[in-house]
């Protein structure tokens, strides 16, 4: 019974992949959280948990592709973190905590 609300999508420089920021809600007992997934450029976001980042609450994150296989994620990353991958299927992910 979970649902995803996409807030941002950024295509990789080579157009092969995209990073997606979305808010996921699984009902009243869990509340919202912000998630990031890397998927194929032509793929639709599935109704699954993020494969890169999952943090508590809704956050406004910025995605910046530094190269075809390196993604930078900026934002308030100080909330409780459930998943924070540094590498995923050949992609390198870096994080920048914005000042509160």
Qualifying residues in the stretch 72-100 (those that are loosely packed, with under 13 Cβ neighbours inside 10 Å, on the phi < 0 side of the Ramachandran plot and assigned to a loop (DSSP other than H, G, I, E, B)) - the one modelled with the lowest pLDDT: 100
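Matching residues to (1) exposed (fewer than 11 other Cβ atoms within 10 Å of the Cβ); (2) within 22 Å of residue 77 (Cα to Cα); (3) in contact with a helix residue (DSSP H, G or I) (Cβ under 8 Å, 6 or more places away or on another chain); (4) touching a residue at least 24 places away in the same chain (Cβ under 8 Å):
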site: 2; (1), (2), (3), (4): no, no, no, yes
site: 10; (1), (2), (3), (4): no, yes, no, yes
site: 13; (1), (2), (3), (4): no, no, no, yes
site: 16; (1), (2), (3), (4): no, no, no, yes
site: 25; (1), (2), (3), (4): no, yes, no, no
site: 33; (1), (2), (3), (4): no, yes, no, yes
site: 38; (1), (2), (3), (4): no, yes, no, yes
site: 44; (1), (2), (3), (4): yes, no, no, no
site: 47; (1), (2), (3), (4): yes, no, no, yes
Members of the stretch 23-41 found to be touching a strand residue (DSSP E or B) at 6+ places or on another chain (Cβ under 7 Å) and at pLDDT below 95, listed by number: 23, 24, 25, 32, 33, 34, 35
Conditions (1) closer than 20 Å to residue 96 by Cα; (2) in contact with a strand residue (DSSP E or B) (Cβ under 7 Å, 6 or more places away or on another chain); (3) touching a residue at least 24 places away in the same chain (Cβ under 8 Å); number of the one not met by residue 78: (3)
Total residues in the stretch 59-71, condition surrounded by 15 or more Cβ atoms within 10 Å (Cβ to Cβ) and assigned to a loop (DSSP other than H, G, I, E, B): 3
Residue 7 vs. criteria in contact with a strand residue (DSSP E or B) (Cβ under 7 Å, 6 or more places away or on another chain) and not in a strand (DSSP E or B): no
Tally, over the stretch 12-26, of residues that are assigned to a loop (DSSP other than H, G, I, E, B) and within 14 Å of the chain's Cα centre (by Cα): 1
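The values are calculated or read from the model by the stated rules, or taken from the named source; none is laboratory data. These numbers were taken from a predicted model, which means no experiment stands behind them. Note that we place each Cβ from the backbone using ideal geometry, even for glycine, and neighbour counts take in every protein chain shown.
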